[in-house]
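The values are calculated or read from the model by the stated rules, or taken from the named source; none is laboratory data. Computed from a predicted model, the values in this text were never measured in an experiment. FYI the Cβ positions are ideal-geometry reconstructions off the backbone, even for glycines, and counts take in every protein chain you see. The area values use the complete protein model at the heavy-atom level, side chains included, leaving out ligands, DNA and RNA. Shrake-Rupley method; radii C 1.70, N 1.55, O 1.52, S 1.80 Å.
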Amino acid sequence: VQLVESGGGLVQPGGSLRLSCVASGFTFSSFTMKWYRQAAGKEREFVALSSPAGQTRDYADSVKGRFTISRDNVRSAVYLEVDNLKAADTGLYYCNVNYYATEYWGQGTQVAVSL
């Protein structure tokens with residue numbers, strides 16, 4: 001199982017980014033995919049999830065209405081559109097899959113929100 005994130009960057013408050021995670025080594029279309037984030041000095045926290053076919057999506061309260069998760073099962077990719085970014089959204093964003101009771105993580109992509 002391998003997860004590779006990309007798309008992070010430095011943006012001003014109110015800006016947008018599109019984070020991507022490309023997966024390999026498992027049947028992507030059969031698994032729920034999640035995004036987490038971790039700010040400096042804080043614990044990793046759940047951000048969003050997508051069910052295997054994408055019908056069910058869930059979000060942390062802090063990002064509802066601003067973040068959108070989507071997936072492309074042909075490309076084995078999951079995306080996180082992050083809009084109206086705030087300073088509190090700064091952190092390392094990780095893609096995650098629970099593959100037969102083992103958690104797998106990518107290396108993360110950094111999002112920094114600052115003037």
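Can you give the log10 of the normalised intensity I(q)/I(0) at q = 0.12, 0.14, 0.15, 0.18 Å⁻¹, computed with Debye over equal Cα scatterers of segment 4-94? Summing over Cα pairs of segment 4-94 leads to -0.35, -0.47, -0.54, -0.78. Can you tally the net charge around SER29? Count Lys and Arg as +1, Asp and Glu as -1, for every other residue whose Cβ sits under 12 Å from the Cβ of SER29. Combined, the nearby Lys, Arg, Asp and Glu give +1.
To the nearest 20 debye, what is the magnitude of the charge dipole of the chain about its Cα centre, counting +1 on the Cβ of each Lys and Arg and -1 on the Cβ of each Asp and Glu? Working shown, then result.
Details: 11 positive and 10 negative charges, 18 e Å.
Result for the chain is approximately 80 debye, rounded to the nearest 20.
Within the same chain, lysines fewer than 8 places from LYS64 are excluded, and of the rest, those with a Cα less than 19 Å from its Cα are LYS34, LYS86. The tail of the calculated P(r) for segment 40-83 beyond 13 Å holds 57 percent of all Cα-Cα pairs. Between SER70, SER62, SER20, the Gaussian network model of the chain with springs among Cα atoms under 10 angstrom shows the greatest mean-square fluctuation at SER62. Placing dummy labels 7 Å off each Cα toward the beta-carbon, the span from SER24 to ARG75 is 1.6 nm. Over segment 1-76, with every protein chain in place, what whole percent of the accessible area is carbon and sulfur at 1.4 Å, could you tell me? Carbon-and-sulfur percentage of accessible area, whole number: 45.
Normalised Debye scattering of segment 17-56 at q = 0.16, 0.29 Å⁻¹ gives log10 I(q)/I(0) of -0.52, -1.07, counting only Cα atoms as equal scatterers and leaving out solvent.
In terms of its Cα atoms, segment 44-115 spans 40, 24, 23 Å along the principal axes, sorted from long to short. Here SER16 and SER51 are evaluated by their C-beta separation; at R0 = 30 Å the FRET efficiency comes out at 0.75. Just checking the listed ones, VAL63, VAL74, VAL22: in the Gaussian network model of the chain with Cα springs under 10 Å, the one fluctuating most is VAL74. Per residue, the accessible area of segment 21-115 comes to 52 Å² when a 1.4 Å probe rolls over the protein heavy atoms.
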